[in-house]
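Asker: Before we start, here is the structure in question, set down as structure tokens.
The values are calculated or read from the model by the stated rules, or taken from the named source; none is laboratory data. This structure is a prediction, so every number in the text was calculated from the model and none was measured. All Cβ positions, glycine included, derive from the backbone under ideal geometry; neighbour counts span all protein chains shown.
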Amino acid sequence: MPAMQDLPGLADPPPTTAVRLADLDERRDQAVTRAEERALGKQHAKGKLTARERIDRLLDPGSFVEIDMFVRHRNADFGMDRDRPYGDGVITGHGLVDGRRVCVFAHDFTTLGGSMGEAFGGKVLKIMDLALKIGCPIVGINDSGGARIQEGVVSLAYYAELGRRNVDASGVIPQISMIMGPCAGGSVYSPALTDFTVMSDRTSYMYVTGPEVVAAVTGERTTHDDLGGPALNSEVSGNAHYVGVDEDDSIAYVQALLGYLPANNLDPAPAYAYEPEPGLTAADIALDSVIPDEVNRVYDMFDVLRRVVDDGELLEIQGAFARNIVCALARVEGRTVGVVANQPMVQSGAIDIDASEKAARFVRFCDAFNIPILTFADVPGYLPGLEQERGGIIRRGAKLIYAYAEATVPKVTVVIRKAYGGGYAVMGSKHLGADVNLAWPTAEIAVTGATGAVHVLHRKVLAATAEGERPALERHLIAEYQEKFSNPYVAAQYGYVDEVIRPAQTRAKVAEAFAILRDKRVAGLEKKHGNIPL
């Protein structure tokens, strides 16, 4: 029988605690230090931060808890450099932003282009599952070439799994995607399923396939910027909700955004102590003169919004896209509200396809996370025209109707000037379920404007009138129409407007309405879900 000391491993004493701690430090150094040194040179040369730098700047100092640091591909030599054995191209964990918990993952582009493989995918799914379990937002920092070709269908499977997680989390926890480098294929489809997408100017791209593949398949010659640059995605396609001037600006936007949002759909959004100034302020009184006397003169809707919300602060969503409608997060007496408003400075505030889809998505987000909706209406209606009809304005314009009618959160609407036709109905009208509807004396609520209505209703009389007398008759008929049909007191007689208010009272009246509606309860219909006209 062999002696104990002859048996393999039994002659050596077990490692001491000090030895184990030293081994842990060595492994961490291997997983972090050398990897970061290599990443620094590669990323900084391109004007980009490393994955760890991005996490460190997003989270409160010292709060990051990394998960799965030592995960590696099952075959250590498979497409991996020996001095980068751990992580598999993504860093995952959780930490704090302004003291509130968030989960985060960050692609490491210096490892196989940040592409997703089996180990990579497992780490991302694990942190997504944790975010759902504990009910906190998830922030994905994307810098990836997409699926890892070397791993074939396994990589595709994990992207599909990630898409399913995005859908499961939708409306349950806020999901924010940051595009910090060139992203293609699966690495853009997942962000498209999240609530907000933020890009960084000059360093980020987002497209299904790059210019080389497009040229090979279609023969079209294009550039990275024209195909998927920040300007295209924010201004034309609407894929990006914000473009930062650099990575730090993008990160600051996400930090500000998280400050308005609840951790999940069951928790309230953070509330802040706010002491409103008593009585009418100078900003309040300025609202009395913000609307031009001339019907066709425009004004900036932000001049109204900033005088109503706390401290004049709004965090605009998709500000570069469909600028004829404004979507923003703000606070009223310390509590988050979602603001939707027509912008008269762009297309007179008319609703087109892009504006409808932009606002509908925002309204549905607010409703999912119990954020009250504040609407300011100054709208001539839906935008007519051949291009809009061919683009599907009927179907796509109906999305905004659906979103407002579906929303059960407190809804307060202020009609400022014109509210004509379908535009009146869709912009938070009483008929779509708004709780409190206010109007300024300058409001015109009617099927169409007075001038257009007179030209239709009295065209024969006007045509038969002597040319010299026609202008006076026209002015008389317009005034008569306004008195009988379009002034806000007519809508108030029917109860469609709850109160006609002095513009200077708007801030106080809006705050009062939301305070009354704070405990609003709505019994749900027994159905799985409706069929929004997608």
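Asker: Helices (runs of 4 or more DSSP H) wholly in the stretch 419-534 with at least 2 residues that are basic (Lys, Arg) and either within 35 Å of the chain's Cα centre (by Cα) or not assigned by TED's automatic domain parsing to the domain that holds Ile325 (or both) - which ones?
Answerer: Qualifying helices (runs of 4 or more DSSP H): 459-464, 470-481, 506-516.
Asker: Tell me, yes or no, whether the stretch 216-235 has at least one residue that is at pLDDT 95 or above, assigned by TED's automatic domain parsing to the domain that holds Gly135 and among the hydroxyl-bearing types (Ser, Thr, Tyr).
Answerer: Yes.
Asker: Sort through Ala252, Ala283, Ala328 and tell me the only one that's under 27 Å from Pro230 (Cα atoms) and either in a helix (DSSP H, G or I) or modelled with pLDDT under 95 (or both).
Answerer: Sole residue among the options that is under 27 Å from Pro230 (Cα atoms) and either in a helix (DSSP H, G or I) or modelled with pLDDT under 95 (or both): Ala252.
Asker: Another question, if that's okay. Could you tell me how many of the residues in the stretch 188-231 are of a type in the set (A, V, I, L, M, F, W, C) and in contact with a Phe, Trp or Tyr (Cβ under 9 Å, 6 or more places away or on another chain)?
Answerer: 7
Asker: Could you check how many residues of the stretch 389-418 are free of Cβ contacts under 8 Å to residues at least 12 places away in the same chain and of a type in the set (S, T, N, Q)?
Answerer: The qualifying residues number 0.
Asker: Where the second residue is charged (D, E, K, R) and surrounded by 10 or more Cβ atoms within 10 Å (Cβ to Cβ) and the first is closer than 19 Å to Ile401 by Cα and lies in the stretch 511-534, which pairs have Cβ atoms under 7 Å and are six or more apart or on separate chains?
Answerer: Gly530/Glu406; Ile532/Lys399; Pro533/Arg395; Pro533/Lys399
Asker: Show the residue pairs that are 6+ apart or on different chains and have beta-carbon atoms under 7 Å apart, the first residue being within the stretch 212-236 and part of a helix (DSSP H, G or I), the second being polar (S, T, N, Q) and surrounded by 17 or more Cβ atoms within 10 Å (Cβ to Cβ).
Answerer: Pro230/Ser204; Asn233/Asn239
Asker: Also, quick follow-up: Could you tell me whether Asp168 is surrounded by fewer than 17 Cβ atoms within 10 Å (Cβ to Cβ) and under 14 Å from Gly93 (Cα atoms)?
Answerer: no
Asker: Looking at the stretch 359-386, which of the residues that are out of contact with any strand residue (DSSP E or B) (no Cβ under 6 Å at 6 or more places or on another chain) and not hydrophobic (A, V, I, L, M, F, W, C) is nearest to Glu444 (Cα to Cα)?
Answerer: Pro384
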